[in-house]
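Reviewing the structure listed below.
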Amino acid sequence: MSGQPAPIAVPAHFQTFLAFDFGLKRTGVAVGSRLLRTANPQETIRAEGDARFALVAERIREWQPDALVIGVPYHPDGAAHENTARAQKFGRQLRGRFGLPVYEVDERYSTTEALAGGARDADAASACIILEQFLRSLP
C-alpha cells in the first residue's frame, strides 16, 4: 500500500465548474455546480499575462473544480473575430497549465444581458451567464 487514499470518483451530479469571461484587462469569474445548475459571481480578475494565471490558479485551488468553462465571443452572425481567437487561446492555456477539461460556450450578448440586469460587476455577471448557459446544456 502506498499510504495514499484511493481517489474517490465524484458522481456527475456533484461536479463543480469554474467559468471565465476572458478580457484583455479583466476576466470575470463564476463558480457553479451541476447539482444546483446555478452560478455565483466571484471577484473579477484584474490582471494580464502571468499575473492573471497566478490568480486563476488561486481560484482553482480554492474551488477545486472538475472542469473549466470559458465564454467565446462571436459576431452576431456567428462569425469569429479577434477576441474569439484570444478567448480560445486562453482556453488552451488553461487546459495546458491546469490539466482540467475546458468547455467553450458561445457568449454573444452575455455582457449586454449582465448590464441590462443591473450588474455592478458586468464581468463576473457575464461569467455567471456563461456558466448557467453551460449548466443548462448538460443532461
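The values are calculated or read from the model by the stated rules, or taken from the named source; none is laboratory data. Here the structure is a predicted model, which means the values were calculated and not measured. Reconstructed Cβ throughout: ideal geometry from the backbone, glycine too, with neighbour counts over all protein chains shown.
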Task: Residues being without any contact (Cβ under 8 Å) to a residue 24 or more places away in the chain and under 17 Å from the mean Cα position of the chain (by Cα) - total across region 96-112 - done: 3
- [ ] Kindly indicate whether any position in region 62-73 is in contact with a Pro (Cβ under 6 Å, 6 or more places away or on another chain) and either among the aliphatic types (A, V, I, L, M) or not in a helix (DSSP H, G or I) (or both).
- [x] yes
Open item on the list: Being exposed (fewer than 15 other Cβ atoms within 10 Å of the Cβ), of a type outside the set (F, W, Y), touching a Lys or Arg at 6+ places or on another chain (Cβ under 7 Å) and at pLDDT below 95: is that true of L36 here?
Closed with: no
- [ ] Name every residue in region 39-69 that is among the charged types (D, E, K, R) and buried (at least 16 other Cβ atoms within 10 Å of the Cβ), in order of residue number.
- [x] R52, R59, D66
Open item on the list: Among (1) loosely packed, with under 13 Cβ neighbours inside 10 Å; (2) touching a residue at least 40 places away in the same chain (Cβ under 8 Å); (3) among the basic types (K, R), there is one condition K89 misses while meeting the rest; what is its number?
Closed with: (2)
TODO: Give the residues of region 55-81 that are among the small types (G, A, S) and either out of contact with any strand residue (DSSP E or B) (no Cβ under 7 Å at 6 or more places or on another chain) or farther than 17 Å from C128 by Cβ (or both), sorted by residue number.
DONE: A57, G78, A79, A80
